[in-house]
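The values are calculated or read from the model by the stated rules, or taken from the named source; none is laboratory data. Values in this document were obtained by computation on a predicted structure and should not be read as measured data. Reconstructed Cβ throughout: ideal geometry from the backbone, glycine too, with neighbour counts over all protein chains shown. Ligands, DNA and RNA are stripped out before the accessible areas are found, and what is left, the full protein with its side chains, is counted by its heavy atoms. Shrake-Rupley method; radii C 1.70, N 1.55, O 1.52, S 1.80 Å.
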Amino acid sequence: MATTKVPEVRDITRIERIGAHSHIRGLGLDDALEPRQVSQGMVGQLASRRAAGVILEMIKDGHIAGRAVLIAGQPGTGKTAIAMGIAQSLGLDTPFTALAGSEIFSLEMSKTEALSQAFRKAIGVRIKEETEIIEGEVVEIQIDRPATGTGSKVGKLTLKTTEMETIYDLGNKMIDSLSKEKVQAGDVITIDKATGKISKLGRSFTRARDYDAMGAQTQFVQCPEGELQKRKEVVHTVSLHEIDVINSRTQGFLALFSGDTGEIKSEVREQINAKVCEWREEGKAEIIPGVLFIDEVHMLDMECFSFLNRALESDLSPVLIMATNRGITRIRGTNYQSPHGIPIDLLDRLLIIATSPYTEKETKQILKIRCEEEDVELSEEAHTVLTRIGMETSLRYAIQLISTAGLVCRKRKGTEVQVEDIKRVYSLFLDEARSSQYMKEYQDSFLFNETQSAAMDTS
Amino acid sequence: MAVHSWIDVLKLSKKTALVHDGKRKIHYLLTDGRELAEEYDLKTDELIVRKWRHKSPLGGQSSWQVEVGETLDFTASFDSDGIKESSSNPVFMRKDTKSSFQWRIRNLPYPKDVFSVSVVPSDRCVIIKTSNKKYYKKFSIPDLDRSQLPLDGSALSFTHANNTLIVSYKKPKEILSLEQELLKELKKLKGTAEGDVDCKTQ
C-alpha cells in the first residue's frame, strides 16, 4: 500500500542561527567608557575597545562628519567583533552598513557607484510621514491551509474597535507575519497598510481572565475607539539611498518593470541633498549620520581610495570604519607598497586602532563564551586542552572544534565534551599549520604540481 | 471672499479637458503641485468622479485618492500578499446629485433604526454610528472645508433601503453658485475629442 507522504507544514516562527559574532552584544564599556575585562561578549583588547568607545560617543553625538577609523591587527584578534560591538551599541535607529571590500567589484555597477551607494545607505533621515494604519482588537483569525501542504494559504482576520467591526482578507505574506508575531484573538494590533508591518500593542482588557497564565511582559490595553483605519503621522528613518531610489525610478507604468535601479544619476543625488538640507533647516527632518563599515579594506584599489579621500570631505558623509589584517603590502591597482595596503594620504586622515593577539587567559574566556553560545558543555580538562589548541593554532580553529566536538560527544551519548572528543575532532580536521605541513610532505603527488612550482619560482 | 479664493485656485491651475465616453474629463494641475481630476456627465452636467493625487514628501507619487465616485481598486490584484478589506464589508462612496452631497454605504444589512447620523461642528465632520457596533464612519465634507462654510445639522438626512444607507446633505447656496460658475468656465475649455492628451504630470 502506497501511503502518500504529506509534507510537514512548518511555519517560520523565528529562525535564529549562530553566526561567528552572534555572542557580541556591545562593546562592554561602563559609563565612564572604561572597558570591563569580560562583558557583553567582549574579552580583553582593553585599549582598542576603549578607543572604539570614544569613536562611538562621537558617532552618537552626530556632529562630526566624514571621520574615518582603521582597525588593524592580526587575523583573529577581534577586529570584526569590535565593529559589531559598535553596531550593537548604536541601536536600531542609527544606520549601520557593513560590507566587505570585495563586494564593490561588480560588472553591473562601477566601483565608485557601489561605494557612493554604500555611503548613502549609512546616512539616515528621520522624517515625519503620514501613513494609513489599521488599529483594532482581533476578534477572530482564521487561516485555511491547503490539504496538500503546498500552495497558497488564505485567511480572514476580523478586527474591531469599540464602535465597529471589519473583516479583512489576508494574503500569504500577511499570514506569515501574523503567525510570526503569534497574533491571537484578543490581541490589540496595528498594521501599517503600506508596508504591512504588524505591531502588537498588548492584550485587550475585556479578555483578561483571572486564571490565565500570562508572561510577565504581557500588557493590557484598552480596545481602540472610533474608526479602524486611521491616518497617523509616524516618524521613521529612511536612508539617503532609499530616497535616491524612489526618485530615480522611471515614473509611470514602466516603474512596474524596472526591478533594479542600477546607477543613480549624480543630478538626482544633488537634488536630494539640497532637498534634505532644506528639510533640515525647516525642521521637517533630522539627519542621522551612521556608520559605514568596510571589512578587508585592503581589497579596495587605488581608484576607490582616492574616491574615499574625496567622499570623506562631504558634510553628508558617515563615520567610516575600516578593518584590515595586512601589514606592509602592495596597494591594489599600483606597484607601490604601503602600510595596510592603504595609500599614505588616506592613512593620514585615519585614526588607527590596533588590536593585539589574545593571551591564554583571554582565549580561554572567549572559548567559554562561544561554548555557551553554541550550547555545548565542556569539561574542565577539555577546556584547557582546547585553549592550548587555540594558542598553538588559531582561535578560529579552536572555535570550529567546539560544535564538532559537541556533535561527537552527542553521538557517543555523552553530556559533557571530554578530552577524547577534542582529540578525535583534532585528528579528523586539520588546522592550517598541519595542512601546510602535509602539503610540503606530499606535494609531489598532488595534481598540477609542476606548473605550480614553476609559477612559484618566478614570483 | 473665501468662496472666491477656491475658484481662483482652480482658475489659476493648468487645465486639460477631454470629452470621451459621454463624459467631460478635466485634469487640473494646481500651483502647489497637486493634481485633481474630475469627470462630468455630458448630458446632465453631474459630477461623476473627483480624485486627487499629490507627491509624497520623499518624492514618490502616491496613488489617486478618490473624493467622489467609485474607487477602482485594480491595484489589489497585483499584491494579493498583503491585507485588504473583504468584499462583504460595507462599501463607502460619495455620489453627488445636483442639489445635495450624497454618500452611499452598501452592504449594510441592518434595520434603519440602528443607524444614527450626526454633525460634529467642532471637528467639521459627519459621524455615522450603529447601535449594534458594526459600523462607524467619520468623514468630512471637503467642498465645505475648501470654501470654509459652516456645517449645518438640519441640512443632513438619511434613508435606508436595499442594504444601502444613503446620507444626504443639502448643498448651501454658496456651493451651488460656485459650481455653476465653475461649470461655465469648464464649458469654455475646448477639449480634444478623442485620444491621448499629453498632460504635464511630472
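Observations on the structure shown:
Conditions (1) within 13 Å of chain B (Cβ to nearest Cβ); (2) in a strand (DSSP E or B); (3) open to solvent by 30 Å² or more (accessible area, probe 1.4 Å); (4) over 24 Å from residue B:131 (Cβ atoms), marked per residue:
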{"position": "A:134", "(1), (2), (3), (4)": "yes, yes, no, no"}
{"position": "A:150", "(1), (2), (3), (4)": "no, no, yes, yes"}
{"position": "A:167", "(1), (2), (3), (4)": "yes, yes, yes, no"}
{"position": "A:178", "(1), (2), (3), (4)": "yes, no, no, yes"}
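Conditions (1) more than 30 Å from residue A:48 (Cβ to Cβ); (2) not hydroxyl-bearing (Ser, Thr, Tyr), marked per residue:
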{"residue": "A:363", "(1), (2)": "no, no"}
{"residue": "A:367", "(1), (2)": "no, yes"}
{"residue": "A:388", "(1), (2)": "no, yes"}
{"residue": "A:417", "(1), (2)": "yes, yes"}
{"residue": "A:430", "(1), (2)": "yes, yes"}
{"residue": "A:448", "(1), (2)": "yes, yes"}
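- Residues of the range B:149-167 classified as open to solvent by less than 30 Å² (accessible area, probe 1.4 Å) and either within 14 Å of chain A (Cβ to nearest Cβ) or out of contact with any Phe, Trp or Tyr (no Cβ under 8 Å at 6 or more places or on another chain) (or both), total: 4
- Search result, residues across the range A:284-314 that are modelled with pLDDT under 85 and of a type in the set (Gly, Ala, Ser): A:314
- Contacts under 8 angstrom Cβ, first residue in the range B:125-148 being touching a residue at least 60 places away in the same chain (Cβ under 8 Å) and more than 7 Å from chain A (Cβ to nearest Cβ), partner β-branched (Val, Ile, Thr) and open to solvent by less than 10 Å² (accessible area, probe 1.4 Å), 6 or more apart: B:147/B:175
- Single residue of the range A:99-132 satisfying the filter (within 22 Å of residue A:60 (Cβ to Cβ) and of a type in the set (Val, Ile, Thr)) that is surrounded by the most Cβ atoms within 10 Å (Cβ to Cβ): A:123
- Search result, residues across the range A:276-317 that are out of contact with any Leu (no Cβ under 9 Å at 6 or more places or on another chain) and part of a helix (DSSP H, G or I): A:278, A:279, A:280, A:281, A:282, A:298, A:299, A:302, A:303, A:310
- Filter result for residue A:417 (in contact with a Leu (Cβ under 9 Å, 6 or more places away or on another chain), without any contact (Cβ under 8 Å) to a residue 24 or more places away in the chain and hydrophobic (A, V, I, L, M, F, W, C)): no
- Unmet criterion (only one of (1) within 22 Å of residue A:237 (Cβ to Cβ); (2) touching a helix residue (DSSP H, G or I) at 6+ places or on another chain (Cβ under 9 Å); (3) of a type in the set (Val, Ile, Thr)) for residue A:141: (1)
- Screening the range A:36-80 for residues that are in a strand (DSSP E or B) and closer than 18 Å to residue A:368 by Cβ and picking the one that is most open to solvent (accessible area, probe 1.4 Å) gives A:38.
- Annotation note: Cβ proximity below 9 Å between a residue of the range A:120-133 that is of a type in the set (S, T, N, Q) and a residue that is open to solvent by 20 Å² or more (accessible area, probe 1.4 Å) and not in a strand (DSSP E or B) (sequence gap 6+ or interchain) occurs for A:131/A:193; A:131/A:194; A:131/A:195.
- When A:381, A:374 are checked against the criterion of being in contact with a helix residue (DSSP H, G or I) (Cβ under 7 Å, 6 or more places away or on another chain), modelled with pLDDT under 90 and not aliphatic (A, V, I, L, M), a single residue qualifies: A:374.
- Positions within the range B:78-107 being under 30 Å from residue A:151 (Cβ atoms) and facing chain A (nearest Cβ under 10 Å), in sequence order: B:78, B:79, B:80, B:81, B:82, B:83, B:84, B:85, B:86, B:87, B:88, B:89
- Residue check for residue B:110: within 14 Å of another protein chain (Cβ to nearest Cβ), touching a residue at least 12 places away in the same chain (Cβ under 8 Å) and open to solvent by less than 20 Å² (accessible area, probe 1.4 Å): no
- Considering the range A:220-241, the residues that are more than 30 Å from residue B:127 (Cβ to Cβ) and outside any strand (DSSP E or B) include one that is least open to solvent (accessible area, probe 1.4 Å), namely A:240.
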